[in-house]
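Worksheet: one structure, shown below.
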Amino acid sequence: MCAVRLAPSPLIVSLSYDLNNPIKIRAKHKVAGMLLLDRDHANRLERGWNVPGAYILLDRPDTEGRWGAYVGKATTPGLRQRVLQQLKGRNHWYRALLIRYESNEDETLNSSEAGWLEGRLHDHLANAGQVDLHNRNRPQDPP
């Protein structure tokens, strides 16, 4: 595994020498842990990702540069299990971006926080202009 710093960005991207491993993305402040996972490798996702969080299922871009996405959240049992469910339920995606709380091993996002993150991600993608969202409705932010 080698780490690449994208200056001046506060993200650290870890690329594995083994192409069968996902790309790990860590924010410098260590609050958000992110993982860019190829669909073909979802069955090998580490159990440590079975925590609450949000995810984006990404389609391949079309010839005009537009791409589809589905935004979701996972609470119990967690992101790993939810992505495995999405292997059967949604055929359109080829990559998934998973986001979890990573600052303290004893803490995870609660259901409201995961829902808030899901809503914000949906809003950003809906305003991006070149993204076709597969979500039927905008996720509702919990109180």
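Equivalent-ellipsoid semi-axes (√(5λ), Cα gyration tensor) for region 81-141, whole Å, largest first?
On the way: eigenvalues 96, 57, 25 Å².
Listed largest to smallest, the semi-axes of region 81-141 are 22, 17, 11 Å.
What does region 46-109 give for Rg and for Dmax, in Å, if only its C-alpha atoms count?
13.1, 44
Going through region 64-143, which trypsin sites (Lys or Arg not before Pro) have at most 13 other Cβ atoms within 10 Å and a DSSP loop state?
On the way: sites: Arg66, Lys73, Arg80, Arg82, Lys88, Arg90, Arg95, Arg100, Arg120, Arg136; in loops: Arg66, Arg90, Arg136.
Taking region 64-143 and a limit of 13 other Cβ atoms within 10 Å, the loop trypsin sites (Lys or Arg not before Pro) found are Arg66, Arg136.
Quick note: the coordinates plus some simple rules give every number you see, no bench work behind them. Quantities reported herein were computed from a predicted structural model and do not represent experimental measurements. Please note: Cβ atoms are built from the backbone with ideal geometry, for glycine as well, and neighbour counts cover all protein chains shown.
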